[in-house]
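The values are calculated or read from the model by the stated rules, or taken from the named source; none is laboratory data. These figures come from a predicted structure and were not determined experimentally. Because the Cβ atoms are built from the backbone with ideal geometry, glycine has one as well, and the counts that use them run over all protein chains shown. These accessible areas exclude ligands, DNA and RNA; they are computed on the full protein's heavy atoms, side chains included. Shrake-Rupley method; radii C 1.70, N 1.55, O 1.52, S 1.80 Å.
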Amino acid sequence: MTTFETTDPTGPGRLFIGGQWREAADGARTEVVDPSRGTVLTTVAAAGPADVDAAVRAAREAFDSGPWSGFSGRDRGRVLHRVAELIRAEADEIARLESLDVGKPITLAHAVDVTNAANDYEYYAALAHTLDGSTRDTPLNALAYTQRGPIGVVAAITPFNFPLILAGSKIAPALAAGNTVVHKPADETPLSALYMAGLFQRAGVPDGVVNVVTGTGPVAGEALLRHPGVDKIAFTGSTAVGRHAASVAGENLKPVTMELGGNAAHLVFEDADLEKAVGAVIKAFVFNTGQFCMGGPRLLVARPVHATLLKILAEAVPGVPVGDPRLPETVVGPMAGERHLRKVEEYVALARKEGARIVCGGERLGLDGGYYYRPTVIADLSNDSRVIQEEVFGPVLTVQPFDSEDEAIALANSTPYGLAAGVQTGNLARAHRVADRLQAGIVWVNDWAMLDPAVPFGGVKESGFGREYGPEALASYTKVKSVVVSLD
Ligand code: NAD
């Protein structure tokens, strides 16, 4: 037994409202499962409408009384710097928690999740004092200027796959701009959000500025979405729930950003460095056990190198280390929950029924009762198969040949999604030409998943709208006011 089984640093798993830890008003709790064992790890409070109301009121009071929105941007930046420092100082503990909760390999949790979360807070700490307005040249006999200020109470609703990073990509810019936040983490993976609540307090974020309500989507999430005291909704999750959230936001005329599903195409041209491309192809579909909105599950390969690449994948993919996320050498851990594993099994069964060729994988990996699935490569599917058109969200790669650049682009753009895409080519002109024509919020050339808080990402088509990261995200947590002063 390692310490992983025995310690729960989030303590009793209560709601964090107005700087206080408290149980749900009706005492309800929900289970958190260890995906590497299929056993219950702990329970956390399950917020109901009364708790969500208390959290929104606390955020409203904190906003209106101004301990945060009244700070200068530079002072807010100082506190956010402390958040980044504490994340780095407590990296081992936070990575351990994220790994335990999501089933992420510990090495990945450290190198990607914790590192990026710290970078997010540091980046927006630096941007916090850039919220300047400007004077405007007009024919009026007046001094006209703009001011940029916070919107108010932000509802941040986040998914299960990157709990720490996706909370940070909302909370960091929201706080930098002077807003207050109510965060509803995913039902299945709430632990790092609770840990961060305590960390914010230790960093000097005033009480009520960040509130965390754990609980289910249909109860806690829905109550937050509909609460009249919320001024902006920042949602990341599936396209189905996002569609619902956008319609509720529309009814209530709330500004909203939507980071939704993805199903990216990865294009390999015959002029690519194949050895390098294979590394990127494998990373793109196994990263985070394929539970990556910006993963690359659809491989499109130029016909002259199609057979060669399939052969290389058939040899290389079974060698990817799958197993216990606690072990430093593990690259692919379990799926984060049983429902995700079942969904992957259903899609692979459908591929078989449609006569596809399972090049490798195609089955569960029986290990410790956990939700493991072997990385799987599938060839010979028709482009209209649901396995290609829909978001499988697991370690599954489909491979299709193409005969021309136009055909590659048409196949890449043929699904309802448009979050990310990738191009492998040695031809510089082609790289730019193809990147320009791909319908995606971010395009990577000759690698995959190169992400940084300075570089915005987000969707087109059914992958949503709005951008996270970059000054673009900061701007989305602000409103502009114009002041025109008569000089008569
Ligand atoms: P999900 O849509 O099931 O849940 C997302 C969040 O919404 C959770 O916190 C959930 O509790 C909440 N929710 C559910 N029903 C709700 C309701 N009625 N009202 C309010 N909130 C509700 O998504 P998931 O399964 O947790 O995450 C996977 C999905 O997220 C995938 O589709 C993936 O592509 C997408 N995703 C997108 C991005 C991006 O940046 N575009 C990033 C990560 C994940």
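Below is a table of values for the structure above.
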quantity: Subset of the stretch 320-370 [of a type in the set (A, V, I, L, M) and more than 19 Å from residue 161 (Cα to Cα)]; calculated: 320, 327, 348, 349, 350, 351, 356, 358, 359, 365, 367
quantity: Helices (runs of 4 or more DSSP H) (entirely within the stretch 8-118) containing at least 3 residues that are surrounded by fewer than 24 Cβ atoms within 10 Å (Cβ to Cβ) and of a type in the set (Lys, Arg); calculated: 73-89
quantity: Index of the failed condition, residue 284 passing every other in (1) among the hydrophobic types (A, V, I, L, M, F, W, C); (2) open to solvent by less than 30 Å² (accessible area, probe 1.4 Å); (3) away from the ligand (no atom under 15 Å from the Cβ); calculated: (3)
quantity: Filter result for residue 276 (charged (D, E, K, R) and closer than 24 Å to residue 371 by Cα); calculated: no
quantity: Lone unmet requirement of (1) part of a helix (DSSP H, G or I); (2) buried (at least 23 other Cβ atoms within 10 Å of the Cβ); (3) in contact with a helix residue (DSSP H, G or I) (Cβ under 6 Å, 6 or more places away or on another chain) for residue 266; calculated: (1)
quantity: Residue 138 being in the same structural domain as residue 72 (by TED's automatic domain parsing), away from the ligand (no atom under 14 Å from the Cβ), over 30 Å from residue 391 (Cβ atoms) and part of a loop (DSSP other than H, G, I, E, B); calculated: yes
quantity: Within the stretch 287-305, considering residues that are in contact (Cβ under 8 Å) with a residue 40 or more places away in the chain and open to solvent by 30 Å² or more (accessible area, probe 1.4 Å), the one farthest from residue 401 (Cα to Cα); calculated: 287
quantity: Residues that are closer than 21 Å to residue 56 by Cβ and of a type outside the set (A, V, I, L, M), drawn from the stretch 124-158; calculated: 149, 150, 152, 158
quantity: Checking residue 463 against (1) over 29 Å from residue 174 (Cα atoms); (2) within 16 Å of the chain's Cα centre (by Cα), the condition it does not meet; calculated: (1)
quantity: Single residue of 191, 175, 164, 199 found to be in contact with a Lys or Arg (Cβ under 7 Å, 6 or more places away or on another chain) and open to solvent by less than 30 Å² (accessible area, probe 1.4 Å); calculated: 175
quantity: Residues (touching a helix residue (DSSP H, G or I) at 6+ places or on another chain (Cβ under 7 Å) and open to solvent by less than 40 Å² (accessible area, probe 1.4 Å)) located in the stretch 119-156; calculated: 120, 121, 124, 125, 127, 128, 131, 152, 153, 154, 155, 156
quantity: Odd one out for residue 406, checked against (1) in contact (Cβ under 8 Å) with a residue 12 or more places away in the chain; (2) under 25 Å from residue 440 (Cα atoms); calculated: (1)
quantity: Within the stretch 214-229, considering residues that are more than 7 Å from the ligand (Cβ to nearest atom) and not small (Gly, Ala, Ser), the one nearest to residue 49 (Cα to Cα); calculated: 219
